[in-house]
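Notes to accompany the following structure.
The values are calculated or read from the model by the stated rules, or taken from the named source; none is laboratory data. No experiment lies behind these values; they were computed from the predicted model shown. When we count neighbours, we look across all protein chains shown, and the Cβ atoms used for this are built from the backbone with ideal geometry, even at glycine. Heads up: the accessible areas ignore ligands, DNA and RNA and are worked out on the full protein's heavy atoms, side chains in. Shrake-Rupley method; radii C 1.70, N 1.55, O 1.52, S 1.80 Å.
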Amino acid sequence: MPAYRALLEPLNPAEIRAVVAIIKADAAFGDAVLFETIEAMDPPKSAVVNGSPLDESGAPISRRARANVFHGDVDGVWKLTVSLDDKAILTRAYVPTARPMIQLEQFMQVEGWVKADPRFIAACAGRGITDMEKVCVDPWSAGNFGYAEEDGRLLCHTFAWLRLYEDEAFYAHPIEGLNAVVDVKSGEVIRVDDRPGPPIPMTEVNYDSKFLTDTLPPLKPLNIVQPDGVSFTLTGHHLAWDRWAFNIGFNAREGLTLHDIRFDGRPLVNRASLVEMVVPYGSPDRGHFRKNVFDIGEYGLGKLANSLKLGCDCLGVIQYLDAHMNTMTGDIFSIEKAICIHEEDSGILWKHWDFRTERTQVRRGRKLVVSCICTVGNYEYAQYWYFNQSGEIEFEMKATGIINTVGIEPGKPSKYETEVSPGVAGQIHQHIFCARLDMAIDGEKNTVVECNTQAEPAESNPYGNAFFETQTAFKTEQEGSRRANPASQRYWKVTNPSVTNAVGQPTAYKLMPTNTVTSFLVPSGPSGSRSNFVENHLWVSAHDAEERYPAGDFMNHSDGRGGIKDFVAQDRAIENASVTLWHVFGLHHSVRVEDFPVQPCISTGFKLMPTGFFNGNPAINVAESVNSESRHAGSCCA
């Protein structure tokens with residue numbers, strides 16, 4: 001096994017405890033220090049791509065961790081790198097204006113503080129609520145809106161609902177106009193905003209099976225069986241299937257990460273992950289203008305991952321991986337079955353019928369699936385990475401869960417919302433994601449090329465049918481900051497100018513921007529300025545392992561600095577260089593009545609497709625197969 005591969009493994013519980021001990025032993029931190037994140041530090045890209053046991057300086061690569069720590073009574077966050085081999089802190093950087101992510105263990109604390117506040121209790125009483133046990137308070141990140149009393153604090157801005165009885169669907173009963181602003185570090189409720197609003201809607205709209213009386217008759221079983229077992233092998237977190245191989249990682253902020261993705265031994269992607277997600281809502285009414293949440297940067301997806309259930313979340317013959325992270329105090333927080341690995345039939349891979357000879361050749365395809373589902377408050381985000389036998393990589397994000405609800409006068413929704421139940425509305429919003437793809441097509445040095453299709457002008461197009469594709473290589477980062485253009489069928493490909501295929505063209509993979517969205521935030525506004533990575537659908541930066549997040553390292557109360565827009569402002573050379581792609585895509589969600597009480601899955605994502613990487617169809621030699629378990633419908637047993 002290459003030396004670098006062990007360093008791609010996530011930290012195990014013993015290693016997390018070791019990092020905690022090293023940091024607490026340092027006089028600057030001590031036993032009272034609090035931990036935002038602890039994660040494995042990736043080995044240098046050059047070592048991974050080239051299979052080297054040495055870093056760029058010629059020193060042996062070693063096991064290291066990243067840790068962000070803070071004190072409960074001191075502003076700022078310390079960014080540390082820790083050597084597990086030397087049991088020492090290697091680097092430390094204090095960021096005095098930084099605020100840590102809101103931690104999972106703080107969610108219910110915030111609710112308790114708000115429900116105990118006399119001003120909040122009085123506001124509930126004014127709405128006829130006397131039993132505070134029935135009140136549910138969701139902690140939302142507060143953004144940065146220039147309020148003097150909020151400056152310098154780690155904040156939550158809350159929304160409230162009424163739960164009528166145990167397990168009842170409380171999002172059907174928004175307590176409109178009642179919001180609290182909470183200092184998460186001190187537990188102080190800074191302010192309770194009590195704005196006039198409509199009465200609490202009381203229509204019950206349940207989804208829990210124990211309340212449903214009109215359940216449809218079930219469909220007949222559809223079982224996925226693999227009598228000979230799976231076709232993949234998992235060694236630690238190193239996964240090999242067909243001609244694919246890569247390492248699976250996991251951390252508290254990004255959740256699922258993939259490393260050293262190779263096809264038939266050839267490197268494609270050094271590291272791939274979802275690095276940010278912002279959810280801007282379109283209503284300026286009451287306290288809803290503050291809803292512009294960075295679910296990855298302000299909360300972290302990893303700690304919010306579900307423990308998956310066999311036969312429900314994942315179907316078939318399943319391999320699971322557990323996830324291990326740190327709590328705020330440095331203890332171990334584990335999620336069993338956080339990652340699911342399985343195979344799926346993907347339909348026809350390729351087919352042709354020769355009408356002259358009536359001979360048919362058909363191959364069925366299969367794909368490998370690596371998935372993880374995270375719940376961020378009311379919403380579920382299900383991530384799927386697909387690898388198929390024709391060399392394609394696809395990322396799909398399925399969004400489900402419950403829309404964020406607001407109270408309205410029945411029958412009178414504003415232009416910013418859709419009424420989904422009498423007196424209950426969902427507001428127009430977007431889910432905008434950013435994937436960070438550290439590319440390595442056949443090696444470290446790549447060039448990104450933009451491809452656009454255009455028609456010949458009329459004067460040189462006598463038959464009116466001529467159109468062709470143009471290709472433009474990006475030389476600098478500013479050139480590589482681009483938006484999608486469906487009118488020209490625009491896509492981008494990552495090439496290796498030093499490696500050519502059978503027809504003399506550089507090997508390449510193309511990024512298909514199939515699900516881009518247009519942001520409607522004013523760029524200079526308080527939310528738009530913090531979300532400036534959404535201004536483009538593609539950013540290409542020179543590789544820098546420390547440039548990790550498109551909106552900045554610390555998102556709570558951020559101001560828009562320290563992200564991809566600043567990275568590419570350096571305008572570094574990116575032609576025939578080590579490059580990172582940042583792809584922005586998402587969902588534009590104009591809420592439907594059908595999205596309530598639980599939203600059916602809606603989907604977004606992107607594809608990476610070989611374009612000249614192979615010398616022909618890489619699936620041409622997939623073995624013929626006929627599924628012996630398939631039957632005519634009429635021949636099945638009753």
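Excluding same-chain neighbours fewer than eight residues apart, the lysines reachable from Lys115 by a Cα-Cα span under 18 Å are Lys134, Lys185.
Here the Karplus relation 6.51 cos²θ - 1.76 cosθ + 1.60, evaluated at θ = phi - 60°, turns the backbone of segment 123-135 into coupling constants of 5, 5, 4, x, 9, x, 9, 10, 9, 5, 5, 8, 8 Hz, with x for every Gly and Pro.
The magnitude of the dipole of segment 149-301, with charges of +1 and -1 set on the Cβ of Lys/Arg and Asp/Glu and taken from the Cα centre, is near 540 debye.
If only the Cβ of Lys and Arg carry +1 and only the Cβ of Asp and Glu carry -1, the dipole of segment 173-234 around its Cα centre is close to 140 debye.
Charge dipole of the chain (Cα centre as origin; +1 on each Lys and Arg Cβ, -1 on each Asp and Glu Cβ, all else neutral): 980 debye, rounded to the nearest 20. Here the extension length gained between Lys475 and Asp264 equals 73.0 nm, from 0.36 nm per residue of separation less the Cα-Cα distance. Mind checking which of Gly407, Phe263, Met132 is farthest towards the positive end of the chain's charge dipole, using Cβ charges of +1 (Lys, Arg) and -1 (Asp, Glu) about the Cα centre? Highest projection toward the positive end goes to Phe263.
Given contacts defined as C-alpha pairs under 8 Å and at least six residues apart, what's the relative contact order of segment 263-354, whole-number percent? This gives 19 percent for segment 263-354. Taking amide H positions as modeled 1.01 Å from N, with prolines and chain starts lacking one, the residues under 5 Å from Val499 and 5 or more places away or on another chain are Thr507. Neighbours of Ser83, meaning other residues whose beta-carbon lies under 10 angstrom from its beta-carbon, give a summed charge of +1 when Lys and Arg score +1 and Asp and Glu score -1. Here the label points at Asn615 and Ala27, each 7 Å from Cα along the C-beta direction, are separated by 6.6 nm in the simple model. In the chain, the longest principal axis of the Cα atoms and the axis of helix 13-24 are about 60 degrees apart.
Modelled label positions at Leu310 and Thr500, each set 7 Å beyond Cα in the direction of Cβ, lie 5.4 nm from each other.
Just subtract the alpha-carbon distance of Asp55 and Ser603 from 0.36 nm times their residue separation and send over the number in nm, one decimal. Extra length from Asp55 to Ser603 when fully extended: 193.3 nm.
Here's the list of lysines a cross-link from Lys291 could span, going by alpha-carbon distance under 19 Å and ignoring same-chain residues fewer than 8 apart: Lys415. Positive-end ranking of Ile248, Asn144, Thr233 along the dipole of the chain, with charges on Cβ about the Cα centre, is headed by Thr233. Less than 5 angstrom separates the built amide H of Leu162 from those of Cys136, His173, Ile175, all sequence-distant by 5 or more or on a different chain.
Per the 1.4 Å probe, what fraction of the accessible area of segment 443-543, in percent, lies on carbon and sulfur atoms?
Working: 2610 of 4940 Å².
With neighbouring chains kept in place, the figure for segment 443-543 is 53 percent.
For Arg253, the residues whose amide H sits under 5 Å from its own are Gly302, ignoring neighbours fewer than 5 places away on the same chain, with H placed 1.01 Å from N. The HN-Hα couplings worked out from phi for segment 136-144 by the Karplus form 6.51 cos²θ - 1.76 cosθ + 1.60 (θ = phi - 60°) are 10, 10, 9, x, 9, 5, 9, x, 9 Hz, whole numbers, x standing for Gly and Pro.
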